[in-house]
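These notes concern the structure reproduced below.
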Amino acid sequence: MKVKHWLLLLTFGLVLSVLAACSGDESKEPAGTDAKEEEKGEKVLNFLNPEAIPSMDPSLATDESSFIYLAATMEGLYRLDEKTQPTPGIATEHKVSEDGLTWTFTLREDAKWSNGDPVTAHDFVYSWQRAVDPATASEYGPYMMSGVIKNATAISKGEASVDQLGAKADGDYTLVVELENPTPYFETLTTFGTFLPLNKKFVEEKGDKFATSSENLLANGPYTMNNWTSTGDSWDLAKNKDYWDNKTVKMDKLTFKVVKDPQTALDLYEEGTVDRMDLTSDLVDQFSTDDDYVVSADTFVYFLKFNQTKSEALANKNIRAALSRAFDKEALVGEILNNGSIAANGLVPRDFTPMPETGDDFRKVSGDLVTYDLEAAKDFWAKGLEELGTDSVELEFLADDDKTTKNLVEYVANQLSTNLEGLKINIKQVPKKQRLDLDTAMDYQLQLTRWGPDFLDPYTYMNLWITDGGNNMTGYSSAEYDRLVSETATKFATDNEARYENFLKAEKLLFEDAVIAPVYQASRAQLVSPKIEGVFINPFGATYEYKWADVGEE
């Protein structure tokens with residue numbers, strides 16, 4: 001059979017859409033549908049999700065699943081189209097001042113919330129203020145807005161009031177945004193979930209119940225969320241009749257069910273109950289020649305995160321450097337994952353962004369900064385143990401509880417404990433939402449985590465590790481690293497060549513200080529029914545874009 005290998009080339013402004021679709025077995029009735037739906041000719045697609053949705057609150061969301069469903073049910077100033085270009089959302093156009101500091105957005109007057117209220121500039125002002133308000137305890141608000149929107153940093157530190165944020169409504173349908181520094185990628189930034197609007201009256205009426213269930217959500221995007229609770233394992237997206245561009249939305253309903261067991265997912269796909277599934281390494285060889293087999297490159301980079309405040313051993317740079325080099329990443333991607341993923345030897349992913357002058361890939365120019373090197377690992381380990389005055393170290397290894405992650409962390413733990421004499425690893429696997437909470441509280445020692453870009457610029461990765469950054473959560477602090485990264489948004493904001501030189505230096509310093517240990521850059525091996533059209537994979541922001549989803553001929 002013909003093999004479909006769709007490689008997602010993630011260069012500036014280019015992304016390959018992925019075909020995904022409903023079941024090939026027309027004798028089977030799709031999950032979530034019934035005879036009445038078929039009689040009405042409703043278009044329904046059925047998907048799986050690897051975990052429950054951690055949050056549907058734009059100010060509090062931090063993970064892949066949350067941003068996917070926020071993007072499906074809500075809309076910001078712009079959204080990404082099939083070519084990863086910003087296309088009009090609630091904004092119809094914008095103007096930028098000559099100095100690049102003032103952006104004026106004109107909003108459409110026909111956009112409504114699902115309760116009938118108009119979507120206005122005041123909704124954006126309220127949402128952005130809420131995201132940087134320390135009382136909200138948002139991670140992404142300060143991370144995305146600090147150093148970008150005027151006064152966001154001071155507000156997030158409690159040094160200024162939220163009404164001083166550089167986002168103002170000039171009437172109901174004009175939003176004026178003042179930036180701290182010129183930010184060329186700000187238009188793409190507005191497509192991200194943290195910048196979605198919120199209906200102040202609705203949020204405040206719901207209070208602590210806001211975003212905890214379908215009844216406590218409002219939509220202004222292509223779909224509404226139905227049959228969902230914050231602890232639920234299934235939900236539906238239904239076409240939003242109040243969406244300003246609802247004529248473009250072809251699907252009546254998309255159903256989602258949490259399934260963590262790969263064999264269960266495969267059974268559902270083969271019986272025609274679901275229309276897409278992720279293949280684990282043990283299933284790839286079995287289906288790699290199937291017509292429905294699809295491999296898509298990704299920009300998610302997985303890495304080990306070291307909490308320098310929770311373990312005396314991890315506060316030691318030599319110990320961290322040893323751990324970073326003591327496991328075979330090539331064997332991990334080839335044998336444990338077996339899905340097209342590649343070993344990561346840096347932080348910024350391959351085929352993500354080119355150097356401004358030469359066009360060479362950033363990853364190629366930066367090179368391999370941390371590779372599997374057992375001899376070097378043992379040398380660093382011996383130095384670290386000597387500095388600690390001990391011959392043994394015990395660490396807790398935190399990770400998600402799905403099967404693929406289980407196999408991966410067991411492999412890494414075995415490699416580390418085998419290759420580094422005196423090391424004992426205790427694995428702690430928990431549901432993703434719990435891991436995120438433990439990360440936020442810095443209640444972990446060693447953690448497997450990942451990062452996918454929020455916008456198309458190296459800053460989305462390098463900004464993670466600034467001192468006291470909202471996503472740092474390691475205890476790492478370096479004045480030199482902070483300077484290098486800060487200058488890319490200030491001193492060199494309009495000098496792209498100098499910006500990228502700073503990014504190269506900062507990434508090198510990050511691994512000289514052994515802040516994290518890169519593991520792999522992900523790919524997705526999937527079975528995707530060929531009837532689905534218009535489901536796009538984004539290289540940043542929400543992974544899947546469902547606005548243009550449709551069902552074509554099989």
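Bear in mind these aren't lab numbers, they're just calculated from the coordinates by the rules spelled out. Fair warning: this is a prediction, and the values are worked out from it, not measured in the lab. Glycine gets a Cβ as well: all are built from the backbone with ideal geometry, and neighbour counts include every protein chain shown.
May I ask you to list the GluC sites (Glu not before Pro) in the stretch 387-473 that are in a DSSP loop and have at most 12 other Cβ atoms within 10 Å of their Cβ?
Loop-located and lightly packed - E421.
Amide H to amide H, which residues 5 or more places from K428 or on other chains are under 5 Å from it, using H placed in the peptide plane?
Those lying under 5 Å, H to H, from K428 are F397, L398, A399.
To the nearest Å, what is the center-to-center distance of the stretch 453-490 and the stretch 218-268, using C-alpha atoms only?
Taking the Cα centre of the stretch 218-268 as reference, the centre of the stretch 453-490 is 34 Å away.
Contact order normalised by length for the chain, with contacts defined as Cα pairs under 8 Å and 6 or more residues apart; what percent is it?
After rounding, I find 22 percent.
Straight distance only, please: which lysines reach the Cα of K364 with their own Cα at less than 23 Å, same-chain residues fewer than 8 apart left out?
Qualifying lysines at Cα under 23 Å: K329, K505, K508.
For the stretch 318-350 and the stretch 61-118, what is the separation of their Cα centres, given in Å?
Taking the Cα centre of each part, the stretch 318-350 and the stretch 61-118 sit 36 Å apart.
Distance in nm between label sites at T102 and K364, each 7 Å beyond Cα in the beta-carbon direction?
4.3
Among all the aspartates and glutamates, which ones have a C-alpha under 14 Å from K241's C-alpha, if same-chain residues fewer than 8 places away are not counted?
Straight-distance partners of K241: D110, D117, D252.
Within a 10 angstrom radius of the beta carbon, how do S156, S97, S214 rank from fewest other beta carbons to most?
If I rank by nearby Cβ atoms, fewest first, I get S97, S214, S156.
Please give the contour-minus-distance gain from D172 to E497: 0.36 nm per residue of separation, less the Cα-Cα distance, rounded to one decimal in nm.
The D172-E497 span can extend by a further 113.0 nm.
What does the charge add up to near N115, with Lys and Arg as +1, Asp and Glu as -1, over the other residues with Cβ less than 12 Å from its Cβ?
Result for the local shell: -1.
What percent do you get for the relative contact order of the stretch 299-523 when only Cα pairs under 8 Å and 6+ apart count?
Across the stretch 299-523, relative contact order equals 35 percent.
Take the Cβ-Cβ distance between E512 and E330 as r, set R0 to 25 Å, and report the resulting FRET efficiency rounded to the nearest 0.05.
0.65
Note down the nm distance, to one decimal, between modelled labels 7 Å out along Cα→Cβ at A135 and at D290.
Rounded to a tenth, the inter-label distance reads 5.2 nm.
Find out how many positive minus negative residues lie around K209, taking Lys and Arg as positive, Asp and Glu as negative, among other residues whose Cβ is under 12 Å from that of K209.
-4
Just want to confirm a number: the relative contact order over the stretch 74-221, from Cα pairs under 8 angstrom separated by 6+ residues, in percent.
30
Using label points projected 7 Å from each Cα along Cα→Cβ, tell me how many nm separate K241 and K406, to one decimal.
Spacing of the two 7 Å Cα→Cβ label points: 4.5 nm.
Quick one: net charge around K364, please, counting Lys, Arg +1 and Asp, Glu -1 for every other residue with C-beta under 12 Å from its C-beta.
-2
For K428, list the lysines whose Cα falls under 16 Å from its own Cα; do not include residues on the same chain fewer than 8 positions away.
Partners within reach: K305, K310, K403, K406.
Can you grab the distance from the C-alpha centre of the stretch 493-554 to the C-alpha centre of the stretch 366-390, Å, no decimals?
One Cα centre to the other: 30 Å.
How much of the DSSP bridge set in the chain is antiparallel, in percent, rounded to the nearest 5?
75
Lys pairs in the stretch 74-221, Cα-Cα under 25 Å, at least 8 apart or on separate chains: how many?
Lysine pairs satisfying the spacing and distance rule in the stretch 74-221 number 18.
Consider a paramagnetic label point 7 Å from the Cα of A160 along Cα→Cβ; state which residues of the stretch 447-486 have an amide N under 19 Å from it.
Only 469-470, 486 pass the distance filter.
Considering the options G359, G384, V430, tell which one lies farthest towards the positive end of the dipole of the chain, charges being +1 on Lys and Arg and -1 on Asp and Glu at the Cβ, about the Cα centre.
G384
About the Cα centre, and with charges only on the beta carbon of Lys, Arg (+1) and Asp, Glu (-1), how big is the dipole of the chain? Nearest 20 debye, please.
Rounded to the nearest 20 debye, it is 580 debye.
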